[in-house]
Amino acid sequence: IGGQGHESVRRAAVAMVRVAARHVRSMQRVTSYPLPDDGRTVFYVLTDAGVFSASAWEQSLGEHRHALASLFHAGHDVITQYRVIDEGK
């Protein structure tokens, strides 16, 4: 979505992909992509074998009390890098 031209965004995105790769084995293969319920985060990971998904409560992710917390925080790092670029304009 336009951030690949910024090294900080690219680094954060690559890190997130690496974290996602560590978690994909614990996810379920899916063919539909519903939005999460309030207070939940849903992850969709696109691989050569299809799309895999898992979800968790945001609070447990944010407080590092869920196995997917590292993926949640890696995603937030990508968002933060975009925000830093936007604030610099």
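Quote the relative contact order of the chain in percent (integer), defining contacts as alpha-carbon pairs under 8 Å separated by 6+ residues. Don't jump to the answer; show the numbers that get you there.
Details: 89 pairs, mean separation 26.5, N = 89.
In percent, rounded to a whole number, it is 30.
Step through the residues of the range 42-59 one at a time and calculate ³J(HN,Hα) from phi using the Karplus curve (6.51 cos²θ - 1.76 cosθ + 1.60, θ = phi - 60°), rounding each to whole Hz and writing x for Gly and Pro.
10, 9, 10, 10, 8, 10, 5, 8, x, 9, 10, 9, 7, 9, 7, 5, 4, 4
Per DSSP H run of at least 4 residues, take -39500 (n - 2.57); add these up for the chain, divide by its residues and hand me the 222 nm value, nearest 500 deg cm²/dmol. Could you put the intermediate results ahead of the total?
Values: 3 runs with 41 residues, N = 89.
Result for the chain, helices only: -15000 deg cm²/dmol.
Explain nothing, just the number: dipole magnitude of the chain about its Cα centre with +1 on each Lys and Arg Cβ and -1 on each Asp and Glu Cβ, in debye rounded to the nearest 20. If you can, show how the numbers build up before the last one.
Numbers: 10 positive and 9 negative charges, 67 e Å.
Value, rounded to 20: 320 debye.
Please give the per residue accessible area of the chain, computed with a probe of 1.4 Å over protein heavy atoms only, in Å². Could the numbers behind the result be given before it?
On the way: 6280 Å² over 89 residues.
Ligands and nucleic acids excluded, the result is 71 Å² per residue.
List the equivalent ellipsoid semi-axes of the chain in whole Å, largest first, each obtained as the square root of 5λ for an eigenvalue λ of the Cα gyration tensor. Intermediate results must be reported in sequence, preceding the final value.
Details: eigenvalues 106, 52, 30 Å².
Ellipsoid half-lengths, sorted descending, are 23, 16, 12 Å.
The values are calculated or read from the model by the stated rules, or taken from the named source; none is laboratory data. Predicted, not measured: the structure shown is a model, and the values here were computed from it. Positions of Cβ are generated from backbone atoms using ideal geometry, with glycine treated the same way; all protein chains shown enter the neighbour counts. Keep in mind that these areas ignore ligands, DNA and RNA; they rest on the heavy atoms of the full protein, side chains included. Shrake-Rupley method; radii C 1.70, N 1.55, O 1.52, S 1.80 Å.
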